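Visitor: Please read through the structure below; I'll follow up with questions.
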């Protein structure tokens, strides 16, 4: 198992949390977010990252994830929005819709 935690690991953690869609911390499978990292190590890193969130303890889990993604990996939100827009363009209107 790896010892040092790198910037790439932080990005993988945030990417996994963002894509999980979890609204609460207990919904996250911490052991699956960062390859080669245990659930305990990954969750500990998340707790350290929360110190970067202003008023983090008062905010909800999903708000903290959004804040950190926006701050450190804003490209994730842009890519997700682009995928949603692309998927929305190919959706047919419901029958009877004018």
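Visitor: Would you check if there is a residue in region 9-17 being more than 12 Å from the chain's Cα centre (by Cα) and either surrounded by 14 or more Cβ atoms within 10 Å (Cβ to Cβ) or not in a helix (DSSP H, G or I) (or both)?
Guide: yes
Visitor: Okay, moving on. Criterion first (out of contact with any strand residue (DSSP E or B) (no Cβ under 7 Å at 6 or more places or on another chain), within 19 Å of residue 5 (Cα to Cα) and not in a helix (DSSP H, G or I)) does residue 44 satisfy it?
Guide: No; evaluated as a whole, the condition is false for this residue.
Visitor: Now a separate question. For residue 51, all conditions in the list (1) modelled with pLDDT of 80 or more; (2) part of a helix (DSSP H, G or I); (3) surrounded by 11 or more Cβ atoms within 10 Å (Cβ to Cβ) hold save one; what is the number of the exception?
Guide: Result: residue 51 fails condition (3) only.
Visitor: Something else: Condition first: in contact with a helix residue (DSSP H, G or I) (Cβ under 8 Å, 6 or more places away or on another chain) and either on the phi > 0 side of the Ramachandran plot or outside any helix (DSSP H, G or I) (or both). Now tell me which residues in region 30-41 satisfy that.
Guide: 33, 34, 35, 37, 38
Visitor: Could you check residue 96 against (1) on the phi > 0 side of the Ramachandran plot; (2) at pLDDT 95 or above and say which number it fails?
Guide: (2)
The values are calculated or read from the model by the stated rules, or taken from the named source; none is laboratory data. Model, not experiment: these values are computed from the prediction. So basically every Cβ, Gly included, is an ideal-geometry build from the backbone, and we count neighbours across all protein chains shown.
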